[in-house]
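Okay, so here's the structure we're looking at.
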Amino acid sequence: MSRRVLPVGDDALVVELTSGAEAEALHAELLRRRAAGLLTVREIVPAARTVLLDGLADPVRWIAELTTAEIPPAPARAGEVVELPVRYDGPDLADVAAHWGVGEEEVVRIHAGVEFRVAFCGFAPGFGYLTGLPEGYDVPRRATPRTSVPAGAVALAGPYTGVYPRSSPGGWQLIGTTDAVLWDHTRVPAALLSPGTRVRFVPTARPGAAGGGGAAG
Amino acid sequence: MSDRALSVVRAGALTTVQDRGRPGHAHLGVSRSGALDAPAAALVNRLVGNPPDAAVLETTLTGCALRPRCAVTVAVGGAPCPVRVNGRPAPWGAPLRVPAGAVLDVGAAVLGLRTYVAVGGGVVVEPVLGSRSTDLLSGLGPVPLTDGTVLPLGAEPAGHTRVDVAPQPAPPAELVLRVTLGPREDWFTAAAVRAFTSRAYRVSPASNRIGLRTEGPALERALTGELASEGMVLGAVQVPPDGRPVVFLADHPTTGGYPVIGVVRPADLPAAAQAVPGTPVRFLAVRRR
């Protein structure tokens, strides 16, 4: 087993796993233990291949436990799939198609055919790093980040898909736009996407984009 | 709006509403936020009789001026500065009565950077995820104050502390930050780790509520690959590609992909909040508790 547990300051630990799936499994197990009253911790933050536990009362005791604990696979997520309607009209759609070696329509078919999961959040409130694209579909970040990416932009970088919750600078490849509200602090929960949420992108009409000379409207 | 309100006559360089922040939401990408000099914020709240979680104002360098619509008790603390009520000198670090319509001027910091202003009843803007703090990275909470902003106030507490002056630590002439190495010190050369814990750094003017940036010897990496994004704690010392350590403060990002060479003891961060650009910084390696 190659799981490593590294101390972070005096009251936090980062658990290093070998894959995103293992990190998701550990995250699920830690949430279960916290809900059962077996773990007292301020923050549990899953990331690409790690899980951070911040604000532990007794980190030393947890080093041994987390190193050796048997971690069951993440349970199948109950609950609905969040469907995000998307216009695949992003300015980088052609670049992504070139990276994948397919046509633009095929990019839409592939991207909309995948069930994604939120592996972790970060960057901005409500920004989820979504995994699910098969291997080989990684794309690089843009060489020069945009100074402003509009809210609702559907974007790719590395193995991840994400949706910008609000306008911000960004270096991801933009393939589409959604009107879904990713973050609304007056809503409960405020974040539409949280770690573990299942997500599907549903293509909506692309006026003028289909071959054959654009429908009116 | 009721008379229990405060209008902003002069917002200053950066004045924000802050309380004890919103921990517990890092997994959603929400920073903890909250007053950078938390002991100073707690003290001014105590002086006016507020509970410790009441929202106060945090000014940066140039202070601010406020006109309450009702008589209020205020206390000014943190970075020392001249305080005036309708132009007349008033005490710093002690409770102070300001009549309705008078102008409370919180002057520029004489030492340090961030002054805190507590008002009896606290600032009661709408909380977001349980906190009224402005989070500059996430864009949560009220936007920074501008001239003319009107802030609602809570009910005046029953009484305030009777003190002539409350002692507060002086802003640091030299910032000594105790740091436990890791989790990624092995991403740096042994020489870089030695330099980090022995050489002199200075506070960079590019510092803000997100991070205390430093100027000094660049830390050389032993590993050049990309670290996958991982969770970040308050006080984490992240080293970006330019090699200059950045100490994460309250509005820090919740995940990040640059290696963390060490973590500063949280008890040392209030002093970091008061260190003006140019202040010498030493990172002192300490054993994990």
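How far, in degrees from 0 to 90, does helix B:38-48 lean away from the longest principal axis of the Cα atoms of chain B, to the nearest 10?
Value to nearest ten degrees: 10.
How big is D, in µm² s⁻¹, for the protein assembly as shown by Stokes-Einstein at 25 °C and 0.890 mPa s if Rh is the Kirkwood radius over C-alpha pairs? Mind showing how you got there, number by number?
Values: Rh = 24.5 Å.
For the chosen part, D equals 100 µm²/s.
Per the 1.4 Å probe, what fraction of the accessible area of the stretch A:82-204, in percent, lies on carbon and sulfur atoms?
53
Among A:74, A:112, A:149, whose Cα projects farthest towards the positive end of the dipole of the stretch A:9-150, with charges put on the beta-carbon of Lys, Arg (+1) and Asp, Glu (-1)?
The Cα lying farthest towards the positive end belongs to A:149.
What dipole magnitude, in Debye to the nearest 20, does the stretch A:3-68 give about its Cα centre under +1 on Lys/Arg Cβ and -1 on Asp/Glu Cβ?
160
If exposed GluC sites (Glu not before Pro) are those in a DSSP loop with at most 11 other Cβ within 10 Å, what is the longest stretch of chain B that has none?
Within chain B, the longest run free of exposed GluC sites (Glu not before Pro) spans B:1-173.
What spacing in nm lies between the two simple spin-label points modelled at residue A:76 and residue B:288, each 7 Å away from Cα in the Cβ direction?
Distance between label points: 3.9 nm.
Under a point-charge model restricted to the Cβ atoms of Lys and Arg (+1) and Asp and Glu (-1), what is the dipole moment magnitude of the stretch A:82-204 relative to its Cα centre, in debye to the nearest 20?
On the way: 10 positive and 12 negative charges, 83 e Å.
The dipole of the stretch A:82-204 has a size of about 400 debye.
Ignoring ligands, DNA and RNA, what accessible area per residue does the stretch A:52-210 give at 1.4 Å, in Å²?
The answer is 46 Å² per residue.
So if each residue of separation counts as 0.36 nm, and I subtract the Cα-Cα distance between residue A:89 and residue A:205, what length gain in nm does that give?
Using 0.36 nm per residue and subtracting the Cα-Cα distance, I get 40.8 nm.
What total accessible surface area, summed over both chains, is buried at the interface between chains B and A, computed with a 1.4 Å probe and given in Å² to the nearest 100? Please report the intermediate quantities before stating the final value.
Working: alone 12550 and 11210 Å², together 21220 Å².
So the total buried area for this chain pair works out to about 2500 Å².
With the contact rule set at Cα under 8 Å and sequence spacing of 6 or more, what percent relative contact order holds for chain A? Can you show the working numbers first?
On the way: 441 pairs, mean separation 43.4, N = 217.
20 percent.
Rounded to a whole number, what % of the accessible area of chain B do carbon and sulfur atoms account for, probe 1.4 Å?
56
Leaving out ligands and nucleic acids, and using a 1.4 Å probe, what accessible area per residue does the stretch B:1-87 come to in Å²?
Accessible surface, normalised per residue, equals 31 Å².
Please sort by residue number the trypsin sites (Lys or Arg not before Pro) in the stretch B:143-200 whose DSSP state is loop and whose Cβ has at most 14 other Cβ atoms within 10 Å.
B:162, B:199
Per 0.36 nm of contour for each residue apart, how much would the distance between residue A:4 and residue A:179 grow if the chain were fully extended, relative to their Cα-Cα spacing?
Full extension from residue A:4 to residue A:179 adds 58.9 nm.
Would you work out if the stretch A:3-68 is rounded, prolate or oblate? Take a ≥ b ≥ c from the square roots of the eigenvalues of the alpha-carbon gyration tensor; rounded if a/c is under 1.5, else prolate when a/b is larger than b/c, oblate otherwise.
It is oblate, given that a/c is not under 1.5 and a/b is not larger than b/c.
With the solvent-accessible surface defined on protein heavy atoms using a 1.4 Å probe, which residues belonging to the stretch B:10-26 display a reduction of at least 20 Å² in accessible area in the multichain context relative to the isolated chain?
SASA drop of 20 Å² or more in the stretch B:10-26: B:23, B:24, B:26.
Considering protein heavy atoms only and a 1.4 Å probe radius, which residues within the stretch B:249-289 exhibit an accessible-area decrease of no less than 20 Å² in the full assembly relative to the chain by itself?
Residues losing area: B:255, B:263, B:288, B:289.
Pop the C-beta distance of residue B:103 and residue A:186 into the FRET formula with R0 = 41 Å and round what comes out to the nearest 0.05.
Working: r = 34 Å, r/R0 = 0.84.
Rounded to the nearest 0.05, the efficiency is 0.75.
Please report, as a whole percent, how much of the solvent-accessible surface of the stretch A:3-68 comes from carbon and sulfur atoms (probe radius 1.4 Å). Let's see the in-between values first.
Values: 1420 of 2590 Å².
Within the stretch A:3-68, the accessible surface is 55 percent carbon and sulfur.
Taking the Cα centre of the protein assembly as shown as origin, work out the dipole magnitude from +1 charges on Lys and Arg Cβ and -1 charges on Asp and Glu Cβ, in debye rounded to 20.
Once rounded to the nearest 20, the dipole reads 1340 debye.
Using protein chains only (no ligands, no nucleic acids) and a 1.4 Å probe, work out which residues of the stretch A:1-42 have their accessible area cut by at least 40 Å² relative to the chain alone.
A:7, A:8, A:9, A:10, A:42
The values are calculated or read from the model by the stated rules, or taken from the named source; none is laboratory data. Remember, predicted model here, so these are calculated numbers, not experimental data. Every residue, glycine as well, gets a Cβ built from its backbone with ideal geometry; the counts of neighbours run over all protein chains shown. The area values use the complete protein model at the heavy-atom level, side chains included, leaving out ligands, DNA and RNA. Shrake-Rupley method; radii C 1.70, N 1.55, O 1.52, S 1.80 Å.
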